[in-house]
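Asker: Sending over a structure as structure tokens; questions will come in a sec.
The values are calculated or read from the model by the stated rules, or taken from the named source; none is laboratory data. What you are looking at is a predicted structure, and each value in this text was computed from that prediction instead of being measured. Ideal geometry is used to build each Cβ from the backbone, glycine not excepted, and the neighbour counts take in all protein chains shown.
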Amino acid sequence: NAGVTQTPKFQVLKTGQSMTLQCAQDMNHNSMYWYRQDPGMGLRLIYYSASEGTTDKGEVPNGYNVSRLNKREFSLRLESAAPSQTSVYFCASSEAGQGVPSQNTEAFFGQGTRLTVV
Amino acid sequence: AQTVTQSQPEMSVQEAETVTLSCTYDTSESDYYLFWYKQPPSRQMILVIRQEAYKQQNATENRFSVNFQKAAKSFSLKISDSQLGDAAMYFCAYRMLQGGSEKLVFGKGTKLTVNP
């Protein structure tokens, strides 16, 4: 059971470089999320997608773009990486979505990507 | 805006003892869900327990239980008979509904150390 798969697991970028973090889920979930985790800050929502073709900003969207390519995949792009974007990034998914309520409330998380921008 | 506050950045407990982690939240909704997630050094986020706000009964999962005080907007996690494997970061989270879609808002976490 793959669940939520993120790639890569580790990445080092130079300031100004771009990269895309990939995320895929095989649970037929409607909603997908990108969080960043920094020491002492918990998990903060960057962007989320409640259904295929829709995306919304979370708490800290600046410097990021996202694409909900299809129901399975939700990518996060850093166009011009900055040292402030050094963090651990988590993708997550859940069953509920836009106009689709669900009693299954659990969100499933990927293993995280540790990104360092130098 | 909904917020989740964990006032204890770090806690420690002796093996086999009981520890309680605190969480308070702010919301104007009447129906919502609350969660505790565990994050061991492996970084994996693991759901420990969930509570539905409309249920009066406190949720329990084996050695884990919650004290849910809806009026006080408090949601604490009690770990009984603590084990070395319980050492981890623990995050309290609130499931909010916004614009027809749902998302989780997390607290800043509590680092739990279990001493042998």
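Asker: Which of the strands (runs of 3 or more DSSP E) found entirely inside the range A:11-118 contain at least 1 residues meeting this: more than 8 Å from chain B (Cβ to nearest Cβ), under 23 Å from B:E52 (Cα atoms) and among the hydroxyl-bearing types (S, T, Y)?
Answerer: Numbers: elements: A:19-25, A:31-38, A:42-51, A:54-57, A:65-68, A:74-78, A:87-94, A:107-109, A:113-117.
Those strands (runs of 3 or more DSSP E) span A:87-94.
Asker: Right, next: Hey, could you check the range A:72-95 for residues that are surrounded by fewer than 20 Cβ atoms within 10 Å (Cβ to Cβ) and at pLDDT below 95 and say which is nearest to A:T116 (Cα to Cα)?
Answerer: Only one residue fits best here, namely A:E79.
Asker: Output the residues belonging to the range B:79-113 that are more than 9 Å from chain A (Cβ to nearest Cβ) and aromatic (F, W, Y).
Answerer: B:Y90, B:Y94
Asker: List the pairs whose first member sits in the range B:1-28 and is within 17 Å of B:Y94 (Cα to Cα), whose second member is part of a strand (DSSP E or B) and of a type in the set (D, E), and whose Cβ atoms are under 7 Å apart, counting only residues at least 6 apart or on separate chains?
Answerer: Here the result reads B:Q2/B:D26; B:T3/B:D26, each pair linking the range B:1-28 to a residue that is part of a strand (DSSP E or B) and of a type in the set (D, E).
Asker: Another question about this same structure. A:S31 passes all but one of (1) modelled with pLDDT under 95; (2) closer than 30 Å to B:E10 by Cβ; (3) polar (S, T, N, Q); which number fails?
Answerer: Condition (2) is where A:S31 drops out.
Asker: For the structure I just gave you, tell me whether B:R63 is within 11 Å of chain A (Cβ to nearest Cβ) and closer than 23 Å to A:F109 by Cβ.
Answerer: On the way: within 11 Å of chain A (Cβ to nearest Cβ): no; closer than 23 Å to A:F109 by Cβ: yes.
So B:R63 fails the test.
Asker: May I ask you to list the residues in the range B:88-116 that are surrounded by fewer than 19 Cβ atoms within 10 Å (Cβ to Cβ) and touching a residue at least 40 places away in the same chain (Cβ under 8 Å)? Let's see the steps before the verdict.
Answerer: Filtering the range B:88-116 for residues surrounded by fewer than 19 Cβ atoms within 10 Å (Cβ to Cβ) gives B:96-100, B:111, B:113, B:115-116.
Across the range B:88-116, the qualifying residues are B:M96, B:L97, B:K111, B:T113, B:N115, B:P116.
Asker: OK, next. Identify all residues within the range B:9-31 that are assigned to a loop (DSSP other than H, G, I, E, B), over 10 Å from the mean Cα position of the chain (by Cα) and surrounded by 15 or more Cβ atoms within 10 Å (Cβ to Cβ); write none if there are none. Break it down into steps so the answer makes sense when it comes.
Answerer: Within the range B:9-31, the subset assigned to a loop (DSSP other than H, G, I, E, B) is B:9, B:15-18, B:22-23, B:27-31.
From what is left, the residues that are over 10 Å from the mean Cα position of the chain (by Cα) are B:9, B:15-18, B:27-31.
Within the range B:9-31, B:T27 is the sole residue that qualifies.
Asker: To continue, here is another question. Quick one: how many residues across the range A:104-118 are crowded, with 22+ Cβ neighbours inside 10 Å and polar (S, T, N, Q)?
Answerer: 1
Asker: I've got another one for you. What do you reckon, is B:A16 over 29 Å from A:N30 (Cα atoms), out of contact with any Leu (no Cβ under 8 Å at 6 or more places or on another chain) and modelled with pLDDT under 95?
Answerer: Values: over 29 Å from A:N30 (Cα atoms): yes; out of contact with any Leu (no Cβ under 8 Å at 6 or more places or on another chain): yes; modelled with pLDDT under 95: no.
No: the conditions fail for B:A16.
Asker: Does any residue of the range B:23-31 turn out to be β-branched (V, I, T) and more than 20 Å from A:D38 (Cβ to Cβ)?
Answerer: Start the filter on the range B:23-31 by keeping residues that are β-branched (V, I, T), which leaves B:24, B:27.
Checking the rest, the ones that are also more than 20 Å from A:D38 (Cβ to Cβ) come to B:24, B:27.
Yes, the range B:23-31 has at least one match.
Listed here are the residues, each with its yes/no results for (1) of a type in the set (A, V, I, L, M, F, W, C); (2) assigned to a loop (DSSP other than H, G, I, E, B); (3) within 17 Å of B:P40 (Cα to Cα).
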| residue | (1), (2), (3) |
| --- | --- |
| B:Q56 | no, yes, no |
| B:N67 | no, no, no |
| B:A72 | yes, yes, no |
| B:K78 | no, no, no |
| B:G85 | no, no, yes |
| B:M89 | yes, no, yes |
| B:C92 | yes, no, yes |
| B:L97 | yes, no, no |
| B:K103 | no, no, no |
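Asker: Of these, B:L34, B:L47, which one is surrounded by 15 or more Cβ atoms within 10 Å (Cβ to Cβ), within 14 Å of chain A (Cβ to nearest Cβ) and touching a residue at least 24 places away in the same chain (Cβ under 8 Å)?
Answerer: Working: B:L47 fails: touching a residue at least 24 places away in the same chain (Cβ under 8 Å).
After ruling out the rest, the residue left standing is B:L34.
Asker: Could I ask something else about it? Within the range B:33-65, can you find the residues that are aliphatic (A, V, I, L, M) and under 14 Å from B:A88 (Cα atoms)?
Answerer: Step one: filter the range B:33-65 for residues aliphatic (A, V, I, L, M), giving B:34, B:45-49, B:53, B:59.
Once the filter is applied, which keeps residues that are aliphatic (A, V, I, L, M) and under 14 Å from B:A88 (Cα atoms), the range B:33-65 yields B:M45, B:I46, B:L47, B:V48.
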